[in-house]
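J.: I have a structure here, written as structure tokens, and I will follow up with some questions on it.
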Amino acid sequence: MKLILGVSNASFQVGDQHILHGVDFKIGRGQIVGVLGASGCGKTSLLNLIAGITRPTSGIVSVNYDGQEEIEVKEPGPDRGIVYQAYGLYPFLTSLENVALGPKLHLTTIPRRMWGRVTGSWRRMRREHLKHAEELLVRFGLGDAVRKYPHELSGGMRQRVAIAQALIMHPQILLLDEPFGALDEATREDLQRMLLVLYEENIQAVGQGKPAPHTILLVTHAISEAIFVGDRVMGLSRYWNWEEQGFSSCPGATVVYDKVAPVFKPTDSADFEKFSGQKNEIARLVFGGNVNVRPQDHCTFWSQVHANHGHGVTRDA
Amino acid sequence: MTTKRFLLFRCLTGIRVPISRKATWAIGTSSILLLLVLYTWLSIHQHKINSTDTTIPTWMQMGEGISKAFAAQLRTGDRWIIEDVLATFSRLGFGLGIGVFIAFALGMSMGVWRWMEAFFLPILSLFAKIPPTAMMAVFFTLFGTELKMYGAIIAFGVIPTLAQTIYLGLKDIAPERIDKARTLGASTTEIIFWIMFPQILPKLLDAIRLQIGPAMVFLIAAEVLVGDVGFGYRIRLQSRLLNMNVVYPYLAYLALFGFGMDTGMQWIQRKLCPWYVKGGA
């Protein structure tokens with residue numbers, strides 16, 4: 001498995017507020033990583049660092065898409081798509097236009113569009129964008145909603161549009177910031193299964209010797225969701241053994257848990273009994289709040305993978 | 001109580017109980033009719049007291065006043081209404097045009113760049129507190145009594161509200177919408193004009209619509225004071241001669257113009273921002 005994202009000893013603070021400290025992990029291409037943590041522990045800050053929306057106070061966030069050169073993340077780019085809990089859709093665009101916005105902004109410039117209107121090339125290009133966007137919406141079960149504005153859609157439909165809007169850019173990494181937090185249980189499970197479909201596409205691609213198309217970081221505070229959707233679960237917490245490391249106050253949240261998770265197929269039932277042990281462990285270590293967790297004891301993902309305990313795309317790493 | 005009577009009772013006494021479109025039109029029309037009936041009664045009553053009265057003219061006298069405004073003047077051949085419409089509305093268009101342009105540039109700059117916000121916000125807040133009519137003396141001195149002066153008064157009056165509407169609208173845009181645009185490959189210019197501007201456009205159109213009224217107030221006030229042509233000038237002159245049969249129709253023209261502009265701006269908003277009219281935000 002090729003590594004696609006590296007966060008090396010990254011810390012982040014705003015003014016006197018220490019948010020993240022010494023966050024260090026690598027992610028392989030094709031993984032779906034569930035990032036868990038209590039509210040306000042810095043999950044969104046971590047996602048913003050990876051997206052390039054903010055820069056770490058110290059440490060480096062880097063990406064490596066061709067397996068050769070590591071590139072430091074300095075600003076947002078279309079290689080890292082993001083989906084927010086509040087959807088982030090543009091109210092003045094229909095579903096179709098929202099999804100087709102990325103290709104318009106990324107693949108063309110203002111002068112090119114203006115000149116293209118004169119020559120007619122813009123209309124041809126735009127037709128292609130819209131066709132591609134419509135195909136994606138149909139694939140996500142939104143064929144009837146292409147002409148509707150975001151406020152005319154249900155929460156689940158809006159989130160599908162938001163995911164399609166990000167996926168049309170073919171991002172190397174897709175960042176999901178509590179995307180299903182505001183949805184009802186049935187819609188939430190429906191969208192979780194949609195992510196499992198994407199994961200299945202990854203497994204098929206790897207099986208055919210092709211690069212996996214979707215690498216996803218799913219930030220959530222729902223343990224079951226992280227385990228059900230992800231092939232790996234990471235936990236961020238402010239409760240770790242920072243006193244032993246010589247700090248007088250918490251220097252920020254860090255990764256206290258990083259282990260493989262079982263892989264489910266989109267058609268599998270969400271049998272929570274199967275992962276109740278892992279769920280209890282995460283609840284105690286990541287959400288416990290009263291234990292001095294030693295991160296090195298519970299961040300064993302890569303040793304598990306090397307011991308062939310990985311699932312899905314990590315199995316043959 | 002029968003169902004019909006019960007529904008009528010509910011409509012009359014219930015809080016915001018919906019009524020049919022037909023009923024809305026009927027009630028609205030009856031309010032205008034009531035006004036006309038009241039005026040007619042008042043006019044008849046006044047003419048019983050003084051048959052030569054011109055302060056509350058009869059409908060006949062009103063017709064003469066309207067004809068007077070539309071007729072070619074014996075000495076010059078000009079028609080008041082054409083002269084006044086051209087003068088007043090060119091001044092209004094000029095002033096509003098300048099005002100909207102400057103407010104747009106200011107509001108957009110303040111909403112996009114923090115340093116512009118820090119620079120212009122105190123000035124704007126200060127100027128917003130000065131009544132534009134109080135600034136007339138300054139503008140008379142600076143620009144005389146020509147078109148520029150009227151433009152300056154209107155612009156001064158509408159800029160603070162319009163600029164702050166744009167600025168606050170931009171400030172309200174959720175940061176994630178901007179961050180997302182950056183992940184979709186948008187440049188700074190594209191974010192400003194393709195992402196931020198469309199979101200505040202309906203509010204800007206609303207603000208312009210609401211500022212037409214105050215702009216007319218500033219303009220008419222200036223015309224009353226120093227105008228030699230225009231609605232304000234004509235109303236002042238004719239009211240001094242107690243020719244209210246000319247004044248009242250002029251006020252009605254202003255009301256009709258305001259209604260027309262309002263409807264026009266709403267039509268533009270429906271065409272440019274269908275999403276907003278449908279309830280999006």
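J.: Consider all pairwise Cα distances in the stretch A:178-317 and report the whole-number % of them above 24 Å.
T.: 36 percent
J.: A follow-up question, please. Summarise the partner chain shielding of A:51-64 as one whole number: the mean count of Cβ atoms from other chains within 10 Å of each residue's Cβ.
T.: 1
J.: Using the C-alpha atoms of the stretch B:1-154, what convex hull volume per residue, in cubic angstrom, is computed?
T.: So the per-residue hull volume is 283 Å³.
J.: Can I get the semi-axes of chain A's equivalent ellipsoid? Compute them from the C-alpha gyration tensor as square roots of 5 times the eigenvalues, in angstrom, largest first.
T.: So the three semi-axes of chain A are 34, 22, 19 Å.
J.: Next question, about the same structure. How charged is the neighbourhood of A:GLY155? Take every other residue with its Cβ under 11 Å from the Cβ of A:GLY155, and add Lys/Arg as +1 and Asp/Glu as -1.
T.: Once all neighbours under 11 Å are counted, the net charge is +2.
J.: Same structure, new question: If I take every Cα pair under 8 Å that is 6 or more residues apart in the stretch A:1-95, average their sequence separation and divide by the length, what percent do I get for the relative contact order?
T.: 29 percent
J.: If you don't mind, another one. For the pair B:ARG236 and A:PHE247, what calculated FRET efficiency results from E = 1/(1 + (r/R0)^6), where r is the Cβ-Cβ distance and R0 = 56 Å, to the nearest 0.05?
T.: Calculated transfer efficiency: 0.10.
J.: Still on this structure, I have one more. At 1.567 mPa s and 4 °C, plugging the Kirkwood radius over alpha-carbon pairs of the stretch B:104-143 into Stokes-Einstein gives what diffusion coefficient in µm²/s?
T.: Rounded, D is 113 µm²/s.
J.: Could you order the peptides A:140-149, B:84-93, A:231-240, B:120-129 from most to least packed, using the average number of other C-beta atoms within 10 Å per residue?
T.: My ranking of the peptides, most packed first, is A:231-240, B:84-93, A:140-149, B:120-129.
J.: Which of B:LYS4, A:LYS279 comes first, and how do the rest follow, when ranked by fewest Cβ neighbours within 10 Å?
T.: Listing B:LYS4, A:LYS279 from fewest to most nearby Cβ atoms yields B:LYS4, A:LYS279.
J.: I've got another one for you. What distance in nm separates the simple spin-label points at A:ASP297 and A:ARG315, each placed 7 Å from Cα in the Cβ direction?
T.: For the pair A:ASP297/A:ARG315, the computed spacing is 3.2 nm.
J.: Using the Cα centre of the protein assembly as shown as the reference point, and only Cβ charges (+1 on K/R, -1 on D/E), how large is the resulting charge dipole? Debye, rounded to the nearest 20.
T.: For the protein assembly as shown, the charge dipole is close to 2060 debye.
J.: For the protein assembly as shown, what ratio Rg/Rh do Cα atoms give with a Kirkwood hydrodynamic radius?
T.: Value, to two decimals: 1.14.
J.: Give the residue from B:TYR250, A:SER224, A:ALA270 lying farthest towards the positive end of the charge dipole for the protein assembly as shown; charges sit on Cβ (+1 for Lys and Arg, -1 for Asp and Glu) and the dipole is referred to the Cα centre.
T.: B:TYR250
J.: Under a point spin-label approximation (7 Å from Cα along Cα-to-Cβ), what is the A:LYS26-A:ARG117 distance to one decimal in nm?
T.: So the two model labels end up 4.9 nm from each other.
J.: Moving on. So for the pair B:VAL112, B:VAL277, with labels modelled 7 Å out along Cα→Cβ, what separation do we get in nm?
T.: About 2.8 nm separates the two model spin labels.
J.: Here is a follow-up. If we restrict to alpha carbons, what Rg and Dmax does the stretch B:69-277 come to, in Å?
T.: For the stretch B:69-277, the Cα-based Rg and Dmax read 20.3, 71 Å.
J.: Taking every DSSP beta bridge with both residues inside chain A, roughly what % is antiparallel (nearest 5)?
T.: Counting DSSP beta bridges with both partners in chain A, the antiparallel share is about 50 percent.
J.: Report, in degrees rounded to the nearest 10, the 0 to 90 angle that the Cα long axis of helix B:114-128 makes with the longest principal axis of chain B.
T.: 20 degrees
J.: Further question: So for the protein assembly as shown: antiparallel DSSP bridges make up what percent, rounded to the nearest 5?
T.: 50 percent
J.: Moving on to the next point. If each residue of separation counts as 0.36 nm, what is the full-extension length gain between B:LEU42 and B:PHE193 once their alpha-carbon separation is subtracted?
T.: 48.8 nm
J.: Taking only the alpha-carbon atoms of the stretch A:194-264, what semi-axes of the equivalent ellipsoid follow from 5 times the gyration tensor eigenvalues under a square root, in whole Å, largest first?
T.: Semi-axes (√(5λ), whole Å): 33, 13, 9.
J.: Follow-up. Under 20 °C and 1.002 mPa s, how fast does the stretch A:34-123 diffuse according to Stokes-Einstein, given a Kirkwood radius computed over C-alpha pairs? Answer in µm²/s, whole number.
T.: 132 µm²/s
J.: Would you calculate, for chain A, the mean residue ellipticity at 222 nm contributed by helices, counting each DSSP H stretch of 4 or more residues as -39,500 (n - 2.57) and dividing by all residues, to the nearest 500?
T.: Per the formula, -10500 deg cm²/dmol.
J.: Per the Debye formula with a single identical scatterer at each Cα and no solvent contribution, what log10 I(q)/I(0) holds for the stretch A:90-170 at q = 0.12, 0.16, 0.21 Å⁻¹?
T.: Evaluating at q = 0.12, 0.16, 0.21 Å⁻¹ gives log10 I(q)/I(0) of -0.34, -0.57, -0.88.
J.: I've got another one for you. Before anything else, pin down the relative contact order of the stretch B:69-277: Cα pairs under 8 Å, at least 6 apart, normalised by residue count, whole percent.
T.: 23 percent
J.: Next question, about the same structure. Could you work out the relative contact order of the stretch A:180-258? I mean the mean sequence separation of Cα pairs under 8 Å and 6+ apart, divided by the number of residues, in percent.
T.: Relative contact order for the stretch A:180-258 comes out at 21 percent.
Bear in mind these aren't lab numbers, they're just calculated from the coordinates by the rules spelled out. All values reported here derive from a predicted model rather than from experimental measurement. Counting neighbours? That spans all protein chains shown, and the Cβs are built from the backbone with ideal geometry, glycine included.
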